[in-house]
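**Q** To start, I am sharing the structure in question, which I have written as structure tokens.
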Amino acid sequence: MSVDLLPVERAGQGLHAAELELWQAISSAVTPGSGAVITFTAPHAEAGTTSLAACAAAGLARHLQLRIAIVEANLERPFLASACGLDERPGLSEVLLGAVPLQAALRRPDELPSLTVLGGGAPRKVVPGEFAGDALTRVLEELRGSHDAVLVDAPPALMEPGVLALVRASNAAVAISRARVSTKDGIVDVQDLVERAGTEFLGVVLNRWRPELSRGIG
């Protein structure tokens, strides 16, 4: 029997197994009814954070039958909703500004109704202090109360100061590294940020690594 996949899942079918099975790696931090918040971030842009977070959310919802919500906090470059085949607006941007209520911005793809998507909404810069404010706290609390886990697709940790507040509001965090682009120092800085926030660091995912390209590289 064929399975209807989200666009981001279809795109990920050609990726390395470690990238496709990310949901298994974080499943230990997600239990039914826990409402755990897990933030995905990277040291820089273009690391693939949104795609990997979306694939992880879909994997948890599809294979473990968990109620998963995924929130895009990368307000400047929203892509999550499109990756899931959904409308980008309204999204978190409008909810935080008070333009729409949270429930009006939530989307559930037909292919995976146990997944709830809150896209970034209209592109804009993050207002300083916004991620530490009451509006985002209410969003996370409401989603935690109705889902087994909430995954947050965050902006690059070393480029957006507000990521620290997102990590502090989370139970755990994952760092995304891109092969041949990310540096060891950048990943160490992200890990330091997570640990300073007092949040569990689940580890680093190396994105876009290809074994055949590593031959001859010392």
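**Q** Out of all the residues in region 139-156, is one or more without any contact (Cβ under 8 Å) to a residue 40 or more places away in the chain and either open to solvent by less than 30 Å² (accessible area, probe 1.4 Å) or more than 13 Å from the chain's Cα centre (by Cα) (or both)?
**A** Scanning region 139-156 turns up at least one residue that is without any contact (Cβ under 8 Å) to a residue 40 or more places away in the chain and either open to solvent by less than 30 Å² (accessible area, probe 1.4 Å) or more than 13 Å from the chain's Cα centre (by Cα) (or both).
**Q** Ok, one more. Is there a residue being part of a helix (DSSP H, G or I) and touching a Lys or Arg at 6+ places or on another chain (Cβ under 8 Å) anywhere in region 61-69?
**A** Within region 61-69, one or more residues are part of a helix (DSSP H, G or I) and touching a Lys or Arg at 6+ places or on another chain (Cβ under 8 Å).
**Q** Please specify each residue of region 172-198 satisfying the condition of being in a helix (DSSP H, G or I) and open to solvent by less than 80 Å² (accessible area, probe 1.4 Å).
**A** G186, I187, V188, D189, V190, Q191, D192, L193, V194
**Q** Do we have any residue at all in region 66-73 that's modelled with pLDDT under 95 and basic (K, R)?
**A** No, because not a single residue in region 66-73 is modelled with pLDDT under 95 and basic (K, R).
**Q** List the residue pairs whose Cβ atoms are under 6 Å apart, where the first residue sits in region 110-135 and is at positive phi, the second is crowded, with 17+ Cβ neighbours inside 10 Å and not basic (K, R), and the two are 6 or more positions apart or on different chains.
**A** These pairs meet every condition: G121/P90; G121/G91; G121/L92; G121/S93; G121/E94.
**Q** Let me ask something else. Given the conditions (1) open to solvent by 30 Å² or more (accessible area, probe 1.4 Å); (2) at pLDDT below 90; (3) touching a helix residue (DSSP H, G or I) at 6+ places or on another chain (Cβ under 7 Å), which single one is not true for S34?
**A** Condition (3) is where S34 drops out.
**Q** Which residue, of E46, E76, is at positive phi and either outside any helix (DSSP H, G or I) or surrounded by fewer than 21 Cβ atoms within 10 Å (Cβ to Cβ) (or both)?
**A** E46
The values are calculated or read from the model by the stated rules, or taken from the named source; none is laboratory data. Fair warning: this is a prediction, and the values are worked out from it, not measured in the lab. Because the Cβ atoms are built from the backbone with ideal geometry, glycine has one as well, and the counts that use them run over all protein chains shown. SASA here: full protein model, heavy atoms, side chains in, ligands and nucleic acids out. Shrake-Rupley method; radii C 1.70, N 1.55, O 1.52, S 1.80 Å.
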